[in-house]
Amino acid sequence: MKLKKLTQAEETVILKKGTEPPFTGKYNDFFEQGIYNCKQCGIPLFQSEDKFSSHCGWPSFDDTIEGAVKNTLDADGHRIEITCNQCGAHLGHVFTGEGLTDKNTRYCVNSISMDFGSK
């Protein structure tokens, strides 16, 4: 598996499990049709049809591409971290029970962890 060379800002989020500031990511208010791919390894993670406006400050999706995202209990013991199932890149966190969509799930993702490709 070939991994993309990351910038320092990308490394802070993707490798060191950081978080970009809210409302600053390029995909927060972005709603083009396409696929969101892992910034580090390039595999497809999310489809634009599953993206919604949650007003939380980060891109939000209510579903993933099957098998692309891994859920793990965060070090804080309360949140569920989401990572790329192929390369382990930190993507963000998943929340359930908020009632924001019919699927009742919000994958809250750092824009810096993804690249976008049109369909």
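The values are calculated or read from the model by the stated rules, or taken from the named source; none is laboratory data. Since this is a predicted model, take the numbers as computed values, not measurements. Positions of Cβ are generated from backbone atoms using ideal geometry, with glycine treated the same way; all protein chains shown enter the neighbour counts.
The set of residues in segment 60-80 being closer than 14 Å to Thr105 by Cβ and either hydroxyl-bearing (Ser, Thr, Tyr) or in contact with a helix residue (DSSP H, G or I) (Cβ under 7 Å, 6 or more places away or on another chain) (or both) consists of Ser60, Phe61, Asp62, Asp63, Thr64. Taking (1) in contact with a strand residue (DSSP E or B) (Cβ under 6 Å, 6 or more places away or on another chain); (2) among the aromatic types (Phe, Trp, Tyr); (3) crowded, with 17+ Cβ neighbours inside 10 Å in turn, Phe52 satisfies each apart from (3).
Scanning segment 97-118 for residues that are in contact with a helix residue (DSSP H, G or I) (Cβ under 8 Å, 6 or more places away or on another chain) and either over 16 Å from Asp63 (Cα atoms) or at pLDDT below 95 (or both) yields Ile112, Ser113.
A search for C-beta distances below 8 Å between a residue of segment 90-119 that is over 20 Å from Asp74 (Cβ atoms) and any residue that is hydrophobic (A, V, I, L, M, F, W, C) and buried (at least 21 other Cβ atoms within 10 Å of the Cβ), counting only pairs 6+ apart in sequence or on different chains, returns Asp115/Cys38. For segment 47-62, filtering for residues that are small (Gly, Ala, Ser) and closer than 10 Å to Gly92 by Cβ leaves 1.
Restricting attention to segment 1-20 and to residues that are closer than 21 Å to Ala75 by Cβ and in contact with a Gly (Cβ under 8 Å, 6 or more places away or on another chain), the residue that is surrounded by the fewest Cβ atoms within 10 Å (Cβ to Cβ) turns out to be Thr19. Is it the case that Glu32 is within 19 Å of Met1 (Cα to Cα) and more than 14 Å from the chain's Cα centre (by Cα)? Spelling it out, it is not the case that Glu32 is within 19 Å of Met1 (Cα to Cα) and more than 14 Å from the chain's Cα centre (by Cα).
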